[in-house]
1. So which residues in the range 232-280 are of a type in the set (Gly, Ala, Ser) and over 20 Å from residue 435 (Cα atoms)?
2. Assess whether residue 483 counts as being touching a strand residue (DSSP E or B) at 6+ places or on another chain (Cβ under 6 Å), in contact (Cβ under 8 Å) with a residue 60 or more places away in the chain and not in a helix (DSSP H, G or I).
3. Can you spot a residue in the range 173-183 that is in contact (Cβ under 8 Å) with a residue 60 or more places away in the chain and either aliphatic (A, V, I, L, M) or in contact with a Cys (Cβ under 7 Å, 6 or more places away or on another chain) (or both)?
4. Got at least one residue in the range 506-528 being part of a helix (DSSP H, G or I), buried (at least 17 other Cβ atoms within 10 Å of the Cβ) and out of contact with any Pro (no Cβ under 7 Å at 6 or more places or on another chain)?
5. Suppose we filter the range 447-470 for residues that are open to solvent by less than 60 Å² (accessible area, probe 1.4 Å), of a type in the set (Asp, Glu) and touching a helix residue (DSSP H, G or I) at 6+ places or on another chain (Cβ under 9 Å); how many remain?
6. Could you list all residues from the range 241-282 that are of a type in the set (Gly, Ala, Ser), more than 21 Å from residue 297 (Cβ to Cβ), assigned to a helix (DSSP H, G or I) and in contact (Cβ under 8 Å) with a residue 60 or more places away in the chain?
7. So, in the range 545-577, how many residues would count as being open to solvent by 30 Å² or more (accessible area, probe 1.4 Å), at pLDDT below 85 and not charged (D, E, K, R)?
8. Kindly indicate whether any position in the range 22-31 is in contact with a Phe, Trp or Tyr (Cβ under 6 Å, 6 or more places away or on another chain) and in contact (Cβ under 8 Å) with a residue 60 or more places away in the chain.
Amino acid sequence: MSTSQTPTRKPERLTYGVDERPPNAAMWAVALQQAVLALVFMIYPVAAAQAIGLSPEQTAALVTATLIAIAVATLLQSRRPPVGSGTLAVQIPTPVMLPAIVQAGTAGGLGLIAGMTIVLALGEAVVARLLKPLRGWFPPEVCGVVVLMLGVSIAAPALKHFTGATADPDGLLRPDFSHLSVGLATLAVVVAAALFGRGALRLFALGCGLVAGVCLSWAVGLIEPASMATVSAAGWIGWPRLDWPRPTWDAALVPLFMLMAVINCVDNLGVLVGIQRMIDADWKRIDTQAGAGGLQASAAGDLAAGLLGGVPGGVSSAHAGLIFATGAASRCIAPLTAALLCAAVFTPKTIALLALIPKPVIGALMVYTSAYMLVAGMELIQSRMLSERRMFTVGLSVLIGFIPLVLPGIFRGLPEALEPVFHSSLSLSALSAIVLNLLFRIGVTKQASLRASQDGLTYDEVDTFLQQQGKLWGARHDVIRRAIEAATEALEALQLLGVSPQDMSLTARFDEIQLDVTLTYRGPRLDCPVQRPSLEATIADDQQLARMAGHIVRRSVDTLSQSGEGDHQKLTLHFEH
């Protein structure tokens, strides 16, 4: 298993890798964009406060506490495990938790929100500790479904803001031309800067789109001069207000928040895996150590939110899209981003200005993120071989996740504790993927054997066997291809030594970390030298030719081991997965 201490090779599309320190100007430019984008998502706790009926003072305290909590989590995420993912993983107040938070707030106010957020944080910490033994629950296709549905779940609000669509008297949705033009222009600037920009222009891709969108919005009248009065009235410097609510608990809500802890962890893990894949050119599998550390950091942030009186957060998929847009993945940016978020609680005018960002501009930024998450999810799903079982896991999970979008209201009447799960396409698809993955794994063993037919063990049989088992196990394409090439090369070498194909059998074993292919046969031990035999010696000597094949086998595997007694031999080929 890979660890978070293992150096990663920077992909070509990144300007700054995870362990590289950008120049100060570049770091400030990216950190400012990361912080501004996080501040935009403070609309979620504001929406929750409005739904609960909090006063303006209570709302301000809720937003302040949430800002401090996500800053703490963002800072911790930049640290190495056990608490931290070692990446630039910015935390935001997550919309996944809003229905549960509104339910708690309606029942018991800020005190019950604080208490149940602490329960949520403890649940997330437990899931994080169990991530390694439960890694079979979260194969790449399950995480890929979560990433894909993250893109789907934000597509609806993104497109609504992007187009400004409203219903006409006949009930048909009509786009608003001014909203659509601003959204298109903002998106075009972000994409152009991200794809064709160089240096500072690419690093400030989001900022370029934001400035262009706001200026165009002002020109077409989407920002009313009267609304600037709120900004003028706000002070430049102000002392933040915290309510420090006394936590209370409701036993009836504990099952709901424990379930939401699992869902939030799956959501966070999906984004963290997307970031891992983005920052490592040699990415092979989920780094469970870094993933568990990221979940621990998120849990610590939610614990801070509960103690301070804020709402829970999660790792932001939008900020993963911003990493892709800017090409800056340095974890050194995270502390500066956290500092800017903390500084924002002392600047009321900044918060007021952010509230004036027009909806089509926000919509354009969300459309960019949605597109990135859709493609990232599909890439993650396709990173492993897919059997019929795994294809059904992916397909059915995605279809189930579409139910709340295609058939709104179909789950009306369910118990209140289940509503947040069944009314969220992301939650529903994530749970479906986990359950279907476990269900379809029934009957799939970790070990399978291939016995020789009447004609003996043939190359075609080995190829077909390992291809089929690779699909059942969800192994990586390249590992199965290497195993086939090494096993068939070993077969050829043994036949050169006079071993009969009828006296051979093959066993494959897979445990997500390693693939072992063992050839059992009757005959002499195969010599697999480290140094390549001379070509001259192999021309007319089958023994030397077998040694050359043995050398190729050794070079084709990660490690090789042999054992035997008498003429009964075992040759085991080990492949890291």
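1. Taking the range 232-280 first, the residues of a type in the set (Gly, Ala, Ser) are 232-235, 238, 251-252, 261, 270, 274.
The answer is 232, 233, 234, 235, 238, 251, 252, 274.
2. On the way: touching a strand residue (DSSP E or B) at 6+ places or on another chain (Cβ under 6 Å): yes; in contact (Cβ under 8 Å) with a residue 60 or more places away in the chain: yes; not in a helix (DSSP H, G or I): no.
Here the answer is no, as residue 483 does not meet what is asked.
3. yes
4. Start the filter on the range 506-528 by keeping residues that are part of a helix (DSSP H, G or I), which leaves none.
No, the range 506-528 contains no residue that is part of a helix (DSSP H, G or I), buried (at least 17 other Cβ atoms within 10 Å of the Cβ) and out of contact with any Pro (no Cβ under 7 Å at 6 or more places or on another chain).
5. 1
6. First, pick out the residues of the range 241-282 that are of a type in the set (Gly, Ala, Ser): 251-252, 261, 270, 274, 281.
If we keep only those that are more than 21 Å from residue 297 (Cβ to Cβ) too, we end up with 251-252, 281.
With assigned to a helix (DSSP H, G or I) added as a condition, the list becomes 251-252.
Correct list: 252 only.
7. 3
8. In the first step, residues of the range 22-31 are kept if they are in contact with a Phe, Trp or Tyr (Cβ under 6 Å, 6 or more places away or on another chain); the result is 22, 29.
Next cut, in contact (Cβ under 8 Å) with a residue 60 or more places away in the chain only: 22, 29.
Yes.
The values are calculated or read from the model by the stated rules, or taken from the named source; none is laboratory data. Fair warning: this is a prediction, and the values are worked out from it, not measured in the lab. Note that we place each Cβ from the backbone using ideal geometry, even for glycine, and neighbour counts take in every protein chain shown. The protein model used for the area step is the full one, side chains on, heavy atoms only, and it has no ligands, DNA or RNA in it. Shrake-Rupley method; radii C 1.70, N 1.55, O 1.52, S 1.80 Å.
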